[in-house]
Amino acid sequence: MNIILLGPPGAGKGTQARRLVEQRGMIQLSTGDMLREARTSGTEMGKKVAEIMDRGELVTDEIVIGLIEEKLRGESASGFIFDGFPRTLGQADALGALLDKLGQSLDAVIEMQVDDEALVRRITGRFTCGNCGEVYHDETKPTKVEGVCDVCGSTELKRRADDNEESLRTRLLEYYKKTSPLLGYYYAKGKLDRVDGLAEIEDVAAAIKDALDKV
Ligand code: ADP
Ligand code: ADP
Ligand code: ZN
């Protein structure tokens, strides 16, 4: 089963994708994570990507489609979770064509609905484990022991350069201009399901499970 988690920055896509990986053995394909890896590579492409990401703008379709294609061809799994991809109609078309070519289908698109007010708090309180990638929040999901990852024990906890209010404004604008049309696109294809992203993490997970059980 291949699914897309769709929603604005801070909606909880990464958090829920990690749970699905753990529970269903699916593979999480986060273009944000791939791009953050690319920017540390020191190449010209990496530098360009870093500037765009820090401003909160979208990188070109060509770059992210290339990254996704490489992963899809390289891995076989009991399913892929697309997290933060597609973000434009061009990317959505490219994903459809790619899955067709590989003889695979897109089974569900889950919209995580949240209100914009909540996103500022979500983004400004977010930190992650640099070792295992677990996602935390100062208020809603702190570590049990301060400064230590619950999952792997690492003390390498970090915040993203783009997780500030100014970059979030740009990211939200990009979301409404370029990504939100995908909701209509997938609705028309009969693939869209909506869950309340403002609920507790466990309850959001349960709602996603219900949606996927129907597929
Ligand atoms: P968030 O989880 O806050 O939504 P991501 O980690 O998904 O953020 O993305 C971080 C940044 O990486 C985006 O602001 C954008 O610059 C870039 N990015 C990630 N995915 C894509 C994509 N599919 N298309 C274009 N840019 C992307
Ligand atoms: P996205 O990948 O959509 O940008 P994340 O999964 O990184 O979102 O979540 C953004 C922040 O909100 C993180 O700090 C995370 O711990 C927190 N968070 C995620 N889901 C919930 C939830 N249902 N309730 C409260 N906080 C949440
Ligand atoms: Zn960890």
Quick check on the chain: helices-only [θ] at 222 nm, where DSSP H runs of length 4 and up contribute -39,500 (n - 2.57) each and the sum goes over total residues. Nearest 500, please. -14000 deg cm²/dmol
Find the all-direction average of the projected area of the Cα convex hull for region 36-89, expressing the result in square nanometres with one decimal place. 4.3
Take the chain, mark every one of the GluC sites (Glu not before Pro) that falls in a DSSP loop and has at most 11 other Cβ within 10 Å, then report the longest stretch left between them, sites excluded. 1-74
Scattering curve values for region 84-215, log₁₀ I(q)/I(0), Debye with Cα scatterers, q = 0.13, 0.14, 0.18, 0.20 Å⁻¹: -0.73, -0.84, -1.20, -1.27
For the pair D150/L183, report the inter-label distance in nm, with labels modelled 7 Å from Cα in the Cβ direction. 3.0
Heavy-atom surface of the chain, accessible at 1.4 Å and reported per residue (Å²): 52
Length gained if S78 through A161 is fully extended, taking 0.36 nm per residue and subtracting the Cα-Cα distance, is 26.6 nm
Extension gain (nm, one decimal) between E62 and D116, 0.36 nm per residue minus Cα-Cα: 16.6 nm
Give, rounded to the nearest 20 debye, the magnitude of the charge dipole that region 63-137 has about its Cα centre when Lys and Arg contribute +1 at Cβ and Asp and Glu contribute -1 at Cβ. 220
Tail weight of P(r) past 19 Å, computed on alpha-carbon pairs of region 8-161, percent: 60
Nearest 5 percent is fine: what portion of the DSSP beta bridges confined to the chain is antiparallel? 30
Environment charge of V151, counting only residues whose C-beta is closer than 11 Å and scoring Lys/Arg +1, Asp/Glu -1: -1
Descending accessible area (1.4 Å probe), largest on the left, turns K209, K191, K13, K101 into K101, K209, K191, K13
Heavy atoms of L212 accessible to a 1.4 Å probe, total area in Å² rounded to 10: 10
Which loop-located chymotrypsin sites (Phe, Trp or Tyr not before Pro) does region 167-215 contain, where loop means any DSSP state but H, G, I, E or B and the Cβ has at most 14 other Cβ atoms within 10 Å? none
How do S154, S76 rank by accessible surface area computed with a 1.4 Å probe, from largest to smallest? S76, S154
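The values are calculated or read from the model by the stated rules, or taken from the named source; none is laboratory data. Note that the structure is predicted; figures quoted are calculated from it, not measured. Positions of Cβ are generated from backbone atoms using ideal geometry, with glycine treated the same way; all protein chains shown enter the neighbour counts. Just so you know, the surface numbers come from the protein's heavy atoms only, side chains and all, with ligands and any DNA or RNA stripped out. Shrake-Rupley method; radii C 1.70, N 1.55, O 1.52, S 1.80 Å.
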